[in-house]
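**Q** Sending over a structure as structure tokens; questions will come in a sec.
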Amino acid sequence: MSNISRTLRLLSSHNKNNNKNDPVRWGILSAGRIASDYTKAISVTEGAVTTAVAARSASKASAFASRHSIPASHGSYQELIADPTVDVVYVGTIADHHAEWARESILAGKPTVVEKPMTLSYDTTRELVDLAAERNVFLMEGMWTRCFPAMKELRRLVADGEVGRIVYAQADFGWAFPTSSMHDRIWLPNSGGVALDVGMYAAQLGRVAFPDATLKDVSATGTVKNGVDYTAMATVSYDRPGCDEGVGDGLLQMALTGASNTEERCVLQGTRGRIVIDGPFHVPTRLRVLHDAGREVESEEVVYDFPLPEDPFGEWNNPGSIGFVHQIGEVGRAVREGRLECESYTWEDSLEVARIVEEIVRQVRGERAAEEEEEPRQRARSS
């Protein structure tokens, strides 16, 4: 099937009830905290509206709909996916169920946005991407960070060689996990842990810093708590054949932790200076470009500010969630134009990040889980 045929098929199947002036209609699959933030952002995004929500109980869906002034509520996810008033499905369940409901949505022919992580493994992410390609259905992982104006400017600066060739990138992301209850979703055995929760924010920077490189290797170490990765230090290397400045492989270093709240800053170090994304870098609003003037001279600094959109709410479950409007708007434009991906965060981006995160989880849990299990037995033997 030609590209033109695929586009026509997509437009006819998903916008048959809409003309170009009608808003893109979102269905929210979940009634949790992040779904609430996403719904609030939709309400202030031009050209977007929420028409339905679904939860695992009709009462919870109804309460969510009432709170957010949503016309329809459903007591099952299947009903939402089948709802003809929904153009785009947002999957905001816990990560354990992302793959299941994203698959159902794609099979129903609905453009689909899946919260991070898209799935819990590279292979399952690959399956969803292949299914979306086969069915000619829009699919995007919810990497909203990439849709911010600051990130678009960062990619332009890298492409233009503003600070020369990027030698390495560094990023940290840490937030203090709740330890009063082991029932929090962060401690779930399959989807819990710091890498699957926030690791993708740091991992996605590799394709920003080294856009023409190929993933080469992932090396990680860390600590395990309650069976999940708690702190992780990882180095990701990228093969850059033909690099003419002799800087070698591209390197991404990331520090992730559930033990403390970190600065959450990112640095891209180039051969002629560096670019800093001030924290929190996952909600980027300021870039600082420092041009190298030599070791004995203070670097010249140029600041790029990108304030968050006007916020009529003020209170969010997650700080900065007004920034969802950037992704919501970009998804709407992509669906209207019949595209299957968003340029800001493509299927290849999702696949590479899934591979990195999966490897961090494997190495950290594999190295430390056995040690964590052995420590109580050693203490018992010595008591």
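The values are calculated or read from the model by the stated rules, or taken from the named source; none is laboratory data. Here the structure is a predicted model, which is why all the values come from computation and not from measurement. So basically every Cβ, Gly included, is an ideal-geometry build from the backbone, and we count neighbours across all protein chains shown. To get the accessible areas, we keep the full protein, side chains included, count just its heavy atoms, and leave off ligands, DNA and RNA. Shrake-Rupley method; radii C 1.70, N 1.55, O 1.52, S 1.80 Å.
**Q** As a check on your grasp of the helix formula, calculate [θ] at 222 nm for the chain: sum -39500 (n - 2.57) over DSSP H runs of n ≥ 4, divide by the residue count, round to the nearest 500.
**A** -11000 deg cm²/dmol
**Q** Can you work out the Karplus-derived ³J(HN,Hα) for every residue in region 260-271? Use 6.51 cos²θ - 1.76 cosθ + 1.60 with θ = phi - 60°, whole Hz, and x for glycine or proline.
**A** 7, 8, 9, 5, 6, 10, 10, 10, 10, 8, x, 6
**Q** Let me ask something else about it. Pull out a ≥ b ≥ c, the square roots of the eigenvalues of the alpha-carbon gyration tensor of region 164-258, then state rounded if a/c is under 1.5, prolate if not and a/b is larger than b/c, and oblate in the remaining case.
**A** prolate
**Q** Considering only protein heavy atoms, what per residue accessible area in square angstrom results for region 112-157 with a 1.4 angstrom probe?
**A** With the other protein chains kept in place, region 112-157 gives 28 Å² per residue.
**Q** By its C-alpha gyration tensor, with a ≥ b ≥ c as the square roots of the eigenvalues, how is region 114-234 shaped: rounded for a/c under 1.5, else prolate for a/b larger than b/c, else oblate?
**A** oblate
**Q** Here is a further query. Rounded to the nearest Å, what's the spacing between the alpha carbon centres of region 281-318 and region 202-237? Just the number, please.
**A** If you average the Cα positions of each part, the centres end up 23 Å apart.
**Q** For the chain, build the charge dipole from Cβ charges (+1 Lys, Arg; -1 Asp, Glu) around the Cα centre, then report which of Val224, Thr262, Ala132 sits farthest towards its positive end.
**A** Positive-end residue among those listed: Ala132.
**Q** A further question follows. On the accessible surface of the chain, probed at 1.4 Å, how many percent belong to carbon and sulfur atoms?
**A** 47 percent
**Q** A follow-up question, please. From the phi of every residue in region 229-239, what ³J(HN,Hα) in whole Hz does the Karplus formula 6.51 cos²θ - 1.76 cosθ + 1.60 yield, where θ is phi - 60° and glycine or proline is x?
**A** 5, 10, 9, 9, 10, 9, 10, 10, 10, 10, 7
**Q** Here is a follow-up. Okay, which of region 251-286 sit inside 12 Å, backbone N to the point 7 Å along the Cα-Cβ direction of Glu153?
**A** Taking a point 7 Å out along Cα→Cβ of Glu153, the residues of region 251-286 whose backbone N falls under 12 Å are 276-278, 284-286.
**Q** Just by accessible area at a 1.4 angstrom probe, what is the order of Lys225, Lys60, Lys116 from largest to smallest?
**A** In descending accessible area the options line up as Lys60, Lys225, Lys116.
**Q** For the chain, which longest stretch is free of loop sites, where a loop site is one of the GluC sites (Glu not before Pro) that DSSP puts outside H, G, I, E and B and that has at most 15 other Cβ atoms within 10 Å?
**A** The longest such stretch corresponds to 47-244.
**Q** Give the relative contact order (percent, whole number) for the chain; include only Cα pairs under 8 Å separated by 6+ residues.
**A** Computed value for the chain: 19 percent relative contact order.
**Q** Let me make sure I get this right: for region 200-298, a, b and c are the square roots of the gyration tensor eigenvalues over alpha carbons, sorted descending. Under 1.5 in a/c it's rounded, otherwise prolate if a/b > b/c, else oblate. Which is it?
**A** Because a/c hits 1.5 or more and a/b fails to exceed b/c, region 200-298 counts as oblate.
**Q** If you find the alpha carbon centre of region 77-139 and of region 339-368, how far apart are they in angstrom?
**A** 17 Å
**Q** Please list, ordered by chain and number, the residues whose modelled amide H lies under 5 Å from the amide H of Val167; skip anything fewer than 5 residues away on the same chain.
**A** Under 5 Å from the amide H of Val167: Gln269, Gly270, Thr271.
**Q** When volume of the Cα convex hull per residue in Å³ is calculated directly from the model, which label among (i) 168; (ii) 212; (iii) 184 fits?
**A** Correct label, based on the coordinates given: (i).
**Q** Still on this structure: Which net charge results when you count Lys and Arg as +1 and Asp and Glu as -1 among the other residues whose beta-carbon is under 15 Å from that of Pro312?
**A** Summing Lys and Arg as +1 and Asp and Glu as -1 gives -4.
**Q** Per residue, how many Å² of accessible area does region 164-280 show with a 1.4 Å probe?
**A** 41 Å²
**Q** Could you please put Leu251, Leu131, Leu157 in sequence from largest to smallest accessible area, using a 1.4 Å probe?
**A** If we order Leu251, Leu131, Leu157 from most to least accessible, we get Leu251, Leu131, Leu157.
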